[in-house]
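Scroll down for the structure; my scribbles are underneath it.
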Amino acid sequence: LRENDYQPVSIDQIIQASEGKITLPDRAVLLTFDDGYSSFYTRVFPLLKAYQWPAVLAPVGKWLDTPADQPVHFGDQEVERSRFLTWEQVREISQSGLVEIASHTYNLHRGVRGNPQGNEQPATAARIYDPRTNTYESEADFRRRIEEDVRTITARLKSATGKTPRVWVWPYGRVDGTTLQI
């Protein structure tokens with residue numbers, strides 16, 4: 001990126017540019033890192049510090065809350081907890097001033113049963129289908145599920161960083177109108 005004259009920009013710069021207060025540099029790029037892998041801390045963060053490049057880190061709260069001696073439920077796999085950041089590392093990363101900590105939800109980075117055929121759909125956009133009752137999750141229940149997740153991840157991120165998240169990275173890039181309203 002550096003050798004090709006790309007200019008990493010921060011969320012603050014993007015906000016200021018959207019308000020007409022500044023102009024972004026040519027070849028501006030926002031560096032984003034999803035999920036909260038420990039390799040962000042060991043590989044990426046040192047490079048960001050060395051180059052003084054801003055970035056966004058969007059961890060999944062439930063994965064970071066998984067106890068050290070238990071696996072993380074990662075899609076259809078169980079992954080070693082050590083492959084993910086700790087809340088202490090997130091705090092340190094946040095305090096650097098280089099990295100904006102975003103929400104990647106608390107426990108919505110997963111699929112849910114989305115229809116009678118059993119297809120999985122992103123939990124942030126699908127009403128859960130219950131094969132026992134042959135019904136879909138109601139709009140009110142969907143709204144409560146999303147709102148509870150938003151409250152939970154907001155509280156966890158604020159507890160770790162002292163800041164309320166102002167950036168949201170939706171799993172799989174999938175949301176719907178209700179999710180966006182929330």
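Regarding SER103, is this residue buried (at least 18 other Cβ atoms within 10 Å of the Cβ) and at pLDDT 95 or above?
yes
Name every residue in the stretch 88-114 that is part of a loop (DSSP other than H, G, I, E, B), out of contact with any helix residue (DSSP H, G or I) (no Cβ under 6 Å at 6 or more places or on another chain) and within 18 Å of TYR172 (Cα to Cα), in order of residue number.
Within the stretch 88-114, ALA102, HIS104, ARG110, GLY114 qualify.
Write out, first by first residue and then by second, each pair whose Cβ atoms fall under 8 Å of each other, whose residues are 6+ apart or on separate chains, and whose first residue, in the stretch 138-155, is among the polar types (S, T, N, Q) while the second is modelled with pLDDT of 95 or more and assigned to a helix (DSSP H, G or I).
Between residues of the stretch 138-155 that are among the polar types (S, T, N, Q) and residues that are modelled with pLDDT of 95 or more and assigned to a helix (DSSP H, G or I), the close pairs are THR152/GLY61.
So which residues in the stretch 76-87 are surrounded by fewer than 15 Cβ atoms within 10 Å (Cβ to Cβ), without any contact (Cβ under 8 Å) to a residue 40 or more places away in the chain and not in a strand (DSSP E or B), if there are any at all?
Residues satisfying the conditions are ASP76, GLU80.
This table checks each residue for (1) open to solvent by less than 60 Å² (accessible area, probe 1.4 Å); (2) over 15 Å from the mean Cα position of the chain (by Cα); (3) closer than 17 Å to VAL167 by Cβ.
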{"position": "VAL29", "(1), (2), (3)": "yes, yes, yes"}
{"position": "THR32", "(1), (2), (3)": "no, no, yes"}
{"position": "SER38", "(1), (2), (3)": "yes, no, no"}
{"position": "THR42", "(1), (2), (3)": "no, yes, no"}
{"position": "VAL56", "(1), (2), (3)": "yes, no, yes"}
{"position": "VAL60", "(1), (2), (3)": "yes, no, yes"}
{"position": "ALA68", "(1), (2), (3)": "no, yes, no"}
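Could you please let me know if GLN117 is open to solvent by 10 Å² or more (accessible area, probe 1.4 Å), part of a strand (DSSP E or B) and of a type outside the set (A, V, I, L, M)?
Here the answer is no, as GLN117 does not meet what is asked.
Being loosely packed, with under 14 Cβ neighbours inside 10 Å and either in contact with a strand residue (DSSP E or B) (Cβ under 9 Å, 6 or more places away or on another chain) or basic (Lys, Arg) (or both) is the filter here, so list the residues in the stretch 12-24 that pass it.
ASP12, LYS21
Kindly list the number of the only condition in (1) open to solvent by 60 Å² or more (accessible area, probe 1.4 Å); (2) under 20 Å from LEU1 (Cβ atoms) that fails for HIS73.
Tallying (1) open to solvent by 60 Å² or more (accessible area, probe 1.4 Å); (2) under 20 Å from LEU1 (Cβ atoms), HIS73 fails exactly one: (2).
Any residue at all in the stretch 135-156 that is surrounded by fewer than 19 Cβ atoms within 10 Å (Cβ to Cβ), out of contact with any Gly (no Cβ under 9 Å at 6 or more places or on another chain), of a type outside the set (Val, Ile, Thr) and in a loop (DSSP other than H, G, I, E, B)?
Yes: one or more hits.
From the set of residues in the stretch 161-182 that are at pLDDT 95 or above and either touching a Lys or Arg at 6+ places or on another chain (Cβ under 6 Å) or among the hydroxyl-bearing types (Ser, Thr, Tyr) (or both), which is most open to solvent (accessible area, probe 1.4 Å)?
The qualifying residue most open to solvent (accessible area, probe 1.4 Å) is THR164.
Would you say VAL56 is closer than 26 Å to GLU148 by Cα, assigned to a strand (DSSP E or B) and among the hydrophobic types (A, V, I, L, M, F, W, C)?
yes
The values are calculated or read from the model by the stated rules, or taken from the named source; none is laboratory data. Here the structure is a predicted model, which is why all the values come from computation and not from measurement. Neighbour counts run over all protein chains shown; Cβ positions are idealised from the backbone, glycine included. When the accessible area is computed, the model is the full protein with side chains, heavy atoms only, and any ligands, DNA or RNA have been set aside. Shrake-Rupley method; radii C 1.70, N 1.55, O 1.52, S 1.80 Å.
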